[in-house]
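Student: Before anything else, here's the structure in question.
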Amino acid sequence: MNAKRRPVSVVLIACLYLVVGGGGFALNLHAFGQPDFYWIEGTELIAVIAGVFMLFGHNWARWLALVWMAFHVAISFEAPRNLVVHALFLVLIGWVLLREEAREYFRAG
């Protein structure tokens, strides 16, 4: 585990990924058997994985979190409102995860 103290901002982002990923996974279980079920549940699990491993200070997890959010921006182009919301979240999450205190935390991991 990372010997350095976790920045509160990283903890908040990691918890956000855990809640969104875990909640999305649970909410989408009703769709079992539908064509996109495994893709949807897989993306939710990726969010959970990113959240857990960010808490442990794994640098790859912060990049996974950013890619996960960028993926949501990419699939939102048909819905302008979702596109704007996802893009704003991507900018905010990127800003938090790429700041100096976060870089030092992930570097030590």
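The values are calculated or read from the model by the stated rules, or taken from the named source; none is laboratory data. What you see is a predicted model, and the numbers here were worked out from it, not measured in a lab. Cβ atoms come from the backbone with ideal geometry, glycine included; neighbour counts cover every protein chain shown.
Student: Going by the conditions given, is R107 surrounded by 12 or more Cβ atoms within 10 Å (Cβ to Cβ) and either at pLDDT below 95 or in a loop (DSSP other than H, G, I, E, B) (or both)? First the steps, then the outcome.
Tutor: Values: surrounded by 12 or more Cβ atoms within 10 Å (Cβ to Cβ): no; either at pLDDT below 95 or in a loop (DSSP other than H, G, I, E, B) (or both): yes.
No; evaluated as a whole, the condition is false for this residue.
Student: Name the residue that is nearest to L12 (Cα to Cα), counting only residues in the range 24-73 that are small (G, A, S) and out of contact with any Leu (no Cβ under 9 Å at 6 or more places or on another chain).
Tutor: So the first thing to find is which residues in the range 24-73 are small (G, A, S), and the list is 24, 26, 31, 33, 42, 47, 50-51, 57, 61, 65, 70.
In the following step, the residues that additionally are out of contact with any Leu (no Cβ under 9 Å at 6 or more places or on another chain) were identified as 24, 26, 31, 33, 42, 57.
Values: G24: 18, A26: 21, A31: 29, G33: 34, G42: 22, G57: 13 Å.
Filtering first and then ranking leaves G57.
Student: Is it the case that the range 26-34 has a residue that's modelled with pLDDT of 95 or more, surrounded by 14 or more Cβ atoms within 10 Å (Cβ to Cβ) and not acidic (D, E)?
Tutor: To start, the set of residues in the range 26-34 that are modelled with pLDDT of 95 or more comprises none.
The answer is no, given that none of the residues of the range 26-34 is modelled with pLDDT of 95 or more, surrounded by 14 or more Cβ atoms within 10 Å (Cβ to Cβ) and not acidic (D, E).
Student: I'd like to verify a number: residues in the range 86-104 that are in contact (Cβ under 8 Å) with a residue 40 or more places away in the chain, of a type outside the set (A, V, I, L, M, F, W, C) and surrounded by 14 or more Cβ atoms within 10 Å (Cβ to Cβ), how many?
Tutor: The initial filter retains those residues of the range 86-104 that are in contact (Cβ under 8 Å) with a residue 40 or more places away in the chain, namely 93, 96-97, 99, 101-102, 104.
Add one more test, that the residue is of a type outside the set (A, V, I, L, M, F, W, C), and what stays is 99, 101, 104.
Remaining after also requiring surrounded by 14 or more Cβ atoms within 10 Å (Cβ to Cβ): 99, 101.
The number of residues fulfilling the criteria is 2.
Student: Moving on to the next point. Being among the aromatic types (F, W, Y) and within 30 Å of A108 (Cβ to Cβ) is the filter here, so list the residues in the range 26-80 that pass it.
Tutor: Step one: of the range 26-80, the residues among the aromatic types (F, W, Y) are 32, 37-39, 53, 56, 60, 63, 68, 71, 77.
Listed by number, the residues that qualify are F53, F56, W60, W63, W68, F71.
Student: Within the range 74-104, restricting attention to residues that are at pLDDT 95 or above and of a type in the set (V, I, T), which residue is farthest from the chain's Cα centre (by Cα)?
Tutor: V84
Student: Here's another thing I want to ask about it. Quick one: V96 ticks every box in (1) assigned to a helix (DSSP H, G or I); (2) more than 14 Å from S9 (Cβ to Cβ) except a single one, so which number is it?
Tutor: (2)
Student: Can you tell which of L83, L45 is surrounded by 13 or more Cβ atoms within 10 Å (Cβ to Cβ), without any contact (Cβ under 8 Å) to a residue 24 or more places away in the chain and part of a helix (DSSP H, G or I)?
Tutor: The unique qualifying residue is L83.
Student: Name the residues in the range 68-80 that are assigned to a helix (DSSP H, G or I) and within 20 Å of D36 (Cα to Cα), would you?
Tutor: Of the range 68-80, the ones assigned to a helix (DSSP H, G or I) are 68-74, 80.
Within the range 68-80, W68, M69, A70, F71, H72, V73, A74 qualify.
Student: Go through the range 64-80 and give me each residue that's exposed (fewer than 14 other Cβ atoms within 10 Å of the Cβ) and small (G, A, S).
Tutor: A74, A79 - these are the residues of the range 64-80 that are exposed (fewer than 14 other Cβ atoms within 10 Å of the Cβ) and small (G, A, S).
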